[in-house]
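Data first, discussion second: the structure below is written as structure tokens.
The values are calculated or read from the model by the stated rules, or taken from the named source; none is laboratory data. Bear in mind that the values here come from a model prediction, so they are computed numbers and not experimental data. Every residue, glycine among them, receives a Cβ derived from its backbone with ideal geometry; neighbour counts consider all protein chains shown.
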Amino acid sequence: MGIAEKSVQYSRSNPVMADDTEMSDQPLEPVSVLAPLTAGSNSDGPKSELTQPVVMLIEEYVQGLNADRRNYTPIHVDEIASRVAKFYELIRKVVDWKDDNALRRGAIERTLKRLLFSKLSGLTFIENVRISEVAETLTMDLIRGGHLPNDAVPKERIVVIERALGKYLYFLEHTSYLGSDPSVIKTRINYFTSILEIAACEIEEILTNPVRENGLINAMTRAMDQRIRIVPEGGISDDEKAALIYISVCRTLFDLDDAFISYHLLVFQYPQWTEASQELVAELNRSLPSLRDQLGRILTHPMAKEFYGFCERFDTVFALVGDILEDFKDNPAMLLRVFQDKAQFTREIEKHYDKRYSTLKKRLFRLAVFSTLSVFLSNWVTFFIIEVPLANVFAEGFNLFTAFIDFLVPTVIMFLLVTIIRPPKDENRKNVLKAVYSFVYAQAQFDYYEIHVRKPRRPLVRAVMGTAYTLITIAIFYGVAYIFWFAGLPITSVAFDTFTIALTVFAAVSIRNKAKELSVDDKASFREFFLDMISVPIAKIGSVFAAKWKEYNVVAFLFTFIIETPFAVIVDLIEQWSLFLKERRAEIR
């Protein structure tokens, strides 16, 4: 029976698969994204005043915390070596300027690439890797780098990581992407990268046990599923609706990337993914290329932006609810009482809103500093490696002024675009409270939101808007290029820096979206409208460049191996030397 047929047979059975790709002898029946999200819950007694998604969120959170409270052996790393490793991770943060959760997962990916270099490169003369050593080294490196707390991670989880890695090593060793053709090599590296990204998601969950984050994602998915209506009814399948809501919630609530979403869609599709048998691993390996393509299609679904727009308006609600959960993690038995007492709940929401509001400016400033430094440092690299050699090839060159302009303009644009971002206005506080009540309390009124599958077509209007959008994009690119040309930059640098500006604006717009984390409406001022008219077209081009850079960044494997391997050896030597000195000191009586 094909996957598409099973989607018909089982209600909401397969949110990932949308075509008739066959998988013979599939070992597991697929399950829905919402299957674990819509299970029944006892709502008798006082729970009836809360909405079902909130009741289930509290129950799952309490159960998850209790399951994680067991006796364990904590992992300890040397403090001196940890300081050195943290210094390197600080440098990486300046370069990457990602959120902490993305930085941690990025560190896992980098470490896996370094430790599994022989698997990724196909160099047979390098000694084969041992999974147990990879699991232990990975965990220790994360603690040294400050991505995990010292003396808090159970040593027993290393064994769990080892089991998880076995599955992904099998995928790497038994890939069908073999050969020396350059196109095959690029495809293999991109495929390996996607495998390691999913592996990093599973390893991160093993080490951090994100009970609160997963619970909030599930609760918001349930709530939005109740409120979003598809017009006409049945315009898309329940499977597609469920998956699109889940994807939008992940992107809006925690700004999670496609790798995280893909991992969880795979887990929903195959509940035994984390403890897969060897037979299932072999079956998955044969299906992974097609699964990867199907995941790509659902992640780029043409209606995704409609769901994203609605979910983005209400991510503030669940972010604040999550803050309350975090406050009571040491006393979770109080949570139900706090939520049922509307006065106390209101005080908690207002407290956390004010706290987030006060820290938003600081976080935006920090993002502005890190992103500006990143652009400045990137300019140094591209200037000497790309621009100067190209200018020499075409018999052009730089003087002090043109070099100054080359560095200054992208850096200033990034700084200005980020610094003009403002937190929401004071009246937003009341709107947030109203939205929170509508999601938390069963008696509160709420609105339904319609998503039209087949919108009325107005070809003339769309043609006019499309033409205007294209002309604005061309005019902006021409204006940026003219500034560089007028300043006297070589023609090669004019072209290169113009496209660099597109990447810079794309990054700035992404940061600007973070400033809306406390807003619950989509009203825009004239200033924001004008800024969108200028920045969105060029940011859209920048997003395409960013995606292509990731796809063709073949050198990143070698770069990670060359830079991080010696540094990891140095950190390990420092730790061993520190332990040696402690042992000698203990011998002194």
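Side notes on the structure shown:
- Any hit, segment 294-304, residues being surrounded by fewer than 17 Cβ atoms within 10 Å (Cβ to Cβ), outside any helix (DSSP H, G or I) and without any contact (Cβ under 8 Å) to a residue 60 or more places away in the chain: yes
- Evaluation of Glu450 against the conditions (1) touching a Leu at 6+ places or on another chain (Cβ under 8 Å); (2) within 30 Å of Phe318 (Cα to Cα); (3) of a type outside the set (Phe, Trp, Tyr) shows that the sole unmet condition is (1).
- Candidate set: segment 225-249, residues that are β-branched (Val, Ile, Thr) and part of a helix (DSSP H, G or I); chosen: the one nearest to Arg297 (Cα to Cα): Ile247
- Close pairs (8 angstrom Cβ cut-off, 6 or more residues apart or separate chains): in the same structural domain as Phe484 (by TED's automatic domain parsing) in segment 391-413, modelled with pLDDT under 75 and aromatic (Phe, Trp, Tyr) anywhere: Ala391/Phe398; Ala403/Phe383; Asp406/Phe383; Asp406/Phe398; Phe407/Phe376; Phe407/Trp380; Phe407/Phe383; Thr411/Phe376
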